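Here is the structure we will look at, set down as structure tokens.
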Amino acid sequence: MNKLKIGLVLEGGSMRGMFTCGVLDVLMENGIEFDGAIGVSAGAAFGCNYKSKQPGRAIRYNMKYCNDKRFAGVGNFIKTGNIFSKKFCYETIPNELDVFDRDTFKNNPMEFYIVATDVEKGCEVYYKLENGDDEDLELIRASASMPILSKIVTVDNTKLLDGGIADSIPLRGFEKMGYYRNVVILTQPMGFVKEKNKHMMLMKLKYHKYPNFIQAAKDRHVKYNAETLYVSRREEAGVAFVVRPPEPLNIKGIVRDPSELDRVYQMGRRVMTERLEELKRFLKESKEL
């Protein structure tokens with residue numbers, strides 16, 4: 001009989017991901033482990049620290065370098081086509097300034113997946129990251145590469161962009177992989193409804209060669225709202241433990257004020273701390289099945 005696998009599902013949301021970081025740090029500090037995790041966009045970029053067992057790392061480097069022009073900004077976009085610097089964010093920081101623990105990442109048996117969007121097919125693609133090496137970081141970058149503000153990332157001849165376009169909350173996909181009990185961390189409050197993309201005209205101009213991607217972007221709000229409904233139903237069924245911010249986070253995609261990052265991070269810590277015993281009961285019951 002196969003062991004029931006317990007998973008961790010991480011929504012994206014750019015700097016709303018600081019809420020996720022707060023939640024994850026509380027979980028790591030309390031020694032809570034999962035059989036696997038799957039992250040989308042910011043959920044992938046910050047969630048990888050769970051497998052490398054580095055609590056505090058994501059909030060630390062974001063607060064330290066948010067005002068550094070090398071980190072993110074219009075200058076980067078003009079020079080490279082990427083609002084977040086590939087070199088600084090995915091090479092200099094993890095290799096030199098706040099080292100990513102690749103050995104621990106590789107040796108941790110917890111599975112770690114990221115979601116990206118196949119630009120040509122307009123659908124989600126899942127990648128399992130095992131080594132924490134440069135190739136894995138490139139896939140994380142692909143998952144977090146926002147349309148219009150980022151260049152297409154090509155990996156093994158597949159053109160990739162932000163995973164949130166095709167699959168913002170991959171709970172259903174993770175269940176299909178065998179993760180039947182999951183902790184889901186969202187970055188929008190209960191009742192949030194995504195509206196139509198206001199930038200579709202620009203999307204059509206920029207990605208006119210990729211009609212399937214344009215269609216996925218056009219339909220994103222429909223799929224997102226269906227996914228949040230599915231998450232709620234799984235929560236009601238008792239097979240998903242959902243952590244949400246209690247109110248809209250109201251934080252921009254690029255933040256220069258470290259205290260604003262800390263505000264959202266601390267909210268995540270408070271919410272998870274308050275629900276820690278409830279989560280432990282959920283995990284205990286899941287492991288006994």
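The values are calculated or read from the model by the stated rules, or taken from the named source; none is laboratory data. Quantities reported herein were computed from a predicted structural model and do not represent experimental measurements. Backbone-built Cβ (ideal geometry, glycine too); neighbour counts: all protein chains shown. Side chains are part of the model used for accessible areas, which takes the heavy atoms of the whole protein and leaves out ligands, DNA and RNA. Shrake-Rupley method; radii C 1.70, N 1.55, O 1.52, S 1.80 Å.
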- Item | From the options 227, 130, 195, 135, residue that is among the acidic types (Asp, Glu) and in contact (Cβ under 8 Å) with a residue 40 or more places away in the chain | 227
- Somewhere in the range 120-128, is a residue among the charged types (D, E, K, R) and assigned to a helix (DSSP H, G or I)? no
- Set 91, 138: member being open to solvent by 20 Å² or more (accessible area, probe 1.4 Å) and out of contact with any strand residue (DSSP E or B) (no Cβ under 9 Å at 6 or more places or on another chain): 91
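Okay, residues lined up against (1) of a type in the set (A, V, I, L, M); (2) within 25 Å of residue 157 (Cα to Cα); (3) out of contact with any helix residue (DSSP H, G or I) (no Cβ under 7 Å at 6 or more places or on another chain):
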position	(1), (2), (3)
40	yes, yes, no
48	no, yes, no
57	no, no, no
74	yes, no, yes
77	no, yes, yes
90	no, yes, no
- Conditions (1) modelled with pLDDT of 95 or more; (2) within 17 Å of the chain's Cα centre (by Cα): number failed by residue 246: (2)
- Task: Can you work out which of the residues in the range 69-102 that are touching a residue at least 60 places away in the same chain (Cβ under 8 Å) and of a type in the set (S, T, N, Q) is nearest to residue 162 (Cα to Cα)?
- Result: 82
- Item | Restricting the range 195-240 to residues that are touching a strand residue (DSSP E or B) at 6+ places or on another chain (Cβ under 8 Å) and β-branched (Val, Ile, Thr), the residue that is farthest from residue 278 (Cα to Cα) | 231
